[in-house]
């Protein structure tokens with residue numbers, strides 16, 4: 001074991017004393033040198049003694065450490081044995097639990113088997129009793145069946161006699177049936193021959209009809225009773241749209257039909273082609289007017305460019321239209337082309353005027369068309385379309401933004417015009433007369449009085465009266481718009 005605490009203290013004290021003595025010698029004190037030597041000798045003896053004790057204690061400590069290692073190895077061996085014993089204990093405990101479960105199951109099976117044996121014994125007793133009773137009943141039944149058998153034998157002899165007579169009658173009927181069957185087979189043979197001849201006649205008729213149809217299909221008539229067919233018109237428009245010249249359309253149709261082995265009857269001139277294309281344009285405009293009429297909302301888009309100092313604007317309308325390819329009258333989104341037209345300048349005022357002109361031309365053509373008249377309802381005007389306008393798609397240039405802003409103002413004017421007209425229809429004649437007189441007084445005062453008003457030309461007066469009526473309707477419309485709730489205002 002390591003040195004004790006007291007020995008360390010003595011050794012430390014000796015070292016301190018030795019250091020003090022050396023310091024004293026160095027300082028040149030007046031102590032006796034011999035006494036110092038004696039003390040030094042005693043201190044060295046004491047130091048050697050302490051070192052010897054320290055060496056003994058170190059040996060003892062090494063022996064104790066060896067003993068500790070041996071003890072530690074013994075402890076490890078014992079721990080391993082304890083772990084193996086624990087594992088054996090767990091296995092034995094598991095086997096014990098399994099044996100208990102087997103014993104429990106065997107006990108339950110034994111009890112159930114005991115109850116089943118008792119039930120089988122009772123069932124055996126009951127079945128033996130029923131068997132003896134069945135034997136007695138069987139004997140009685142056999143005696144009864146023997147009696148019934150005797151009666152059946154008598155009936156069988158009688159039936160045999162009856163069947164012999166009926167067999168003779170059946171043979172005679174069979175002979176007559178054979179005769180009728182031969183006649184029927186002869187008739188069937190005749191009918192088969194007739195059917196075979198009818199099938200051949202039918203096949204010849206079908207071949208003749210096919211030949212006639214093929215002959216008719218090998219000839220294409222451009223016109224029917226002097227009028228070009230709808231298929232011819234659609235073909236002409238398709239070729240023109242594809243970039244074919246009007247001078248070459250007739251030759252192209254002839255060449256294509258000739259390649260397919262079809263002979264073309266008739267010809268189409270450049271003038272007829274121009275008229276067909278014009279008819280397609282008018283039909284497209286009428287269709288566009290109808291779609292604008294039935295649409296609930298729409299958006300406009302436009303863009304322009306310049307070429308040789310001339311401004312060109314392309315316009316489109318986007319709306320929900322009828323799906324013509326479907327039979328369920330569904331709706332589909334479509335963008336309709338309104339045309340590319342030149343403009344006098346690139347101002348927003350001129351762009352709005354071109355919008356009004358374009359829409360007015362489409363609506364005027366639709367209102368005057370027979371289809372528009374047959375569709376029923378009132379005539380549709382620019383105001384009706386502007387009310388349905390919900391927005392404009394443009395690029396980010398300042399001019400297009402200004403166009404959208406002025407179109408918004410135009411829509412506000414249209415909404416006020418529409419609401420004002422409805423409000424005017426709801427007023428009485430006296431109220432309308434009063435509004436007209438008040439507006440007329442303001443108009444005359446703005447013109448400079450009655451004398452100056454009388455000096456104005458009639459055309460100017462008519463223009464001012466029309467402007468007066470429009471202002472009255474606008475004021476009524478603004479008032480009606482303010483009375484609407486927030487939801488109705490958003491809808492407009």
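Across region 371-385, the number of residues qualifying as in contact with a helix residue (DSSP H, G or I) (Cβ under 6 Å, 6 or more places away or on another chain) and within 23 Å of residue 415 (Cα to Cα) comes to 5.
So that you can scan it fast, the table gives a plain yes or no per residue for (1) in contact (Cβ under 8 Å) with a residue 60 or more places away in the chain; (2) surrounded by 12 or more Cβ atoms within 10 Å (Cβ to Cβ); (3) under 20 Å from residue 359 (Cβ atoms):
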site	(1), (2), (3)
387	yes, yes, yes
396	no, no, no
402	no, yes, yes
409	no, no, yes
412	no, yes, yes
416	yes, yes, yes
421	no, yes, yes
427	no, yes, no
432	no, yes, no
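Within the bounds of region 234-253, is there any residue that is part of a strand (DSSP E or B) and within 30 Å of residue 334 (Cβ to Cβ)? Write out each step before concluding.
Looking only at region 234-253, we keep the residues that are part of a strand (DSSP E or B), and these are none.
No, there is no match, as no residue in region 234-253 is part of a strand (DSSP E or B) and within 30 Å of residue 334 (Cβ to Cβ).
Checked against the criterion of being part of a helix (DSSP H, G or I), in the same structural domain as residue 388 (by TED's automatic domain parsing), modelled with pLDDT under 90 and crowded, with 16+ Cβ neighbours inside 10 Å, the candidates 359, 352 yield just one match: 352. Residues of region 442-492 that are surrounded by 10 or more Cβ atoms within 10 Å (Cβ to Cβ) and outside any helix (DSSP H, G or I): 448, 449, 456, 484, 492.
Within the group 404, 414, which residue is in a helix (DSSP H, G or I), under 30 Å from residue 314 (Cβ atoms) and touching a strand residue (DSSP E or B) at 6+ places or on another chain (Cβ under 6 Å)? Full working, then the answer.
Working: 414 fails: touching a strand residue (DSSP E or B) at 6+ places or on another chain (Cβ under 6 Å).
Only one candidate qualifies: 404.
Taking residues in region 441-462 that are touching a residue at least 12 places away in the same chain (Cβ under 8 Å), and partners anywhere that are surrounded by 11 or more Cβ atoms within 10 Å (Cβ to Cβ) and in a helix (DSSP H, G or I), the pairs with Cβ atoms closer than 6 Å and at least 6 places apart or on different chains are 443/464; 443/468; 447/453.
Name the residue, out of 366, 324, that is closer than 17 Å to residue 287 by Cβ, without any contact (Cβ under 8 Å) to a residue 12 or more places away in the chain and in the same structural domain as residue 311 (by TED's automatic domain parsing). If you could, list the steps in order and put the result at the bottom.
On the way: 366 fails: without any contact (Cβ under 8 Å) to a residue 12 or more places away in the chain.
Of the residues listed, the single one that is closer than 17 Å to residue 287 by Cβ, without any contact (Cβ under 8 Å) to a residue 12 or more places away in the chain and in the same structural domain as residue 311 (by TED's automatic domain parsing) is 324.
Can you pull out the residues in region 253-279 that are surrounded by 13 or more Cβ atoms within 10 Å (Cβ to Cβ) and within 14 Å of residue 222 (Cα to Cα)? Hits for region 253-279 are 253, 254, 256, 257, 262, 264, 266, 268, 272, 273, 276. Of all residues in region 181-232, those being closer than 27 Å to residue 264 by Cα and part of a helix (DSSP H, G or I) number 15.
The values are calculated or read from the model by the stated rules, or taken from the named source; none is laboratory data. In this text, all values refer to a predicted model and were calculated from it rather than measured experimentally. Note that each Cβ is placed from the backbone with ideal geometry, even for glycine, and that neighbours are counted across all protein chains shown.
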